[in-house]
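The values are calculated or read from the model by the stated rules, or taken from the named source; none is laboratory data. What you see is a predicted model, and the numbers here were worked out from it, not measured in a lab. Cβ sites come from the backbone with ideal geometry, for glycine too, and all protein chains shown count toward neighbours.
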Amino acid sequence: MLPPSNQSKKGQPVQGTSGHGGMFSAKIDPVSRNAIWKEHCLKEEAKHKLSAEFSINPSTLVYIAEKPNKYKPSISLTQPEIDDAKRLLGSVFMSNKTDLTPTEKYEMPQTASQEYGWCSRPFVEPDPFFSFPHKGCAITKFAAAYEECMHRSPYARRNPVDQHVAKSGVDYAHTGVNTSRIGSPSVTSSAQASSINAKGSRMIKTSSKLSSESGFPQVRAPPIQEESIPSAA
């Protein structure tokens with residue numbers, strides 16, 4: 001904001017700041033006059049106070065303004081009147097029947113041209129190119145049956161139990177944990193194989209002892225090894 005002009009008209013004396021007129025002296029240059037006016041504005045802003053305190057309540061604050069075309073009718077309608085109006089609008093404007101054919105909309109033909117081919121079947125069937133119904137094929141049925149029986153996906157590249165054992169580094173053969181029922185029930189765990197081998201070795205020792213006493217030739221059975229299912233490609 002620029003300071004008030006102190007240019008005098010012709011034939012009128014210029015009043016200075018030392019007098020009672022309050023106007024700037026003509027001897028002050030424009031730069032000094034602007035600095036004095038700026039200091040005056042800063043003092044006025046520092047001493048300025050509002051007549052009332054500003055306060056706001058966030059709980060009662062309206063964040064979204066109402067629509068400009070919102071209208072509150074002064075006439076109140078009853079529920080039967082509203083139902084009658086909806087029924088009338090539904091009979092006049094059949095917006096929900098725009099995608100139906102004339103034979104599905106009306107019981108009888110409405111025009112003379114609709115009488116031709118009214119009771120007929122469309123020659124061109126609906127194109128199922130953009131229709132994707134949920135249907136199952138032989139592969140999906142086989143995968144569902146395999147997962148239900150074996151409790152693992154037929155497309156898994158590795159047994160999840162073996163993968164967990166390899167990552168954890170725990171030897172389940174000495175813990176006695178039966179891991180054959182986790183993931184794939186048909187896989188014999190190392191704990192089961194070791195117990196079976198121990199039982200078989202005891203039976204072989206007893207049989208060899210009896211055979212040595214009886215004189216029959218000794219027959220040694222091979223140890224039982226772990227069974228594994230080949231991973232699916």
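What are the residues in the stretch 113-142 that are among the small types (Gly, Ala, Ser) and under 30 Å from PRO154 (Cβ atoms), if any? Write out each step before concluding.
At the first step, the residues of the stretch 113-142 found to be among the small types (Gly, Ala, Ser) are 113, 117, 120, 131, 136, 138.
Selection gives SER131, GLY136, ALA138.
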Mind checking which residues of the stretch 137-158 are in a loop (DSSP other than H, G, I, E, B), at pLDDT 80 or above and surrounded by fewer than 11 Cβ atoms within 10 Å (Cβ to Cβ)? CYS137
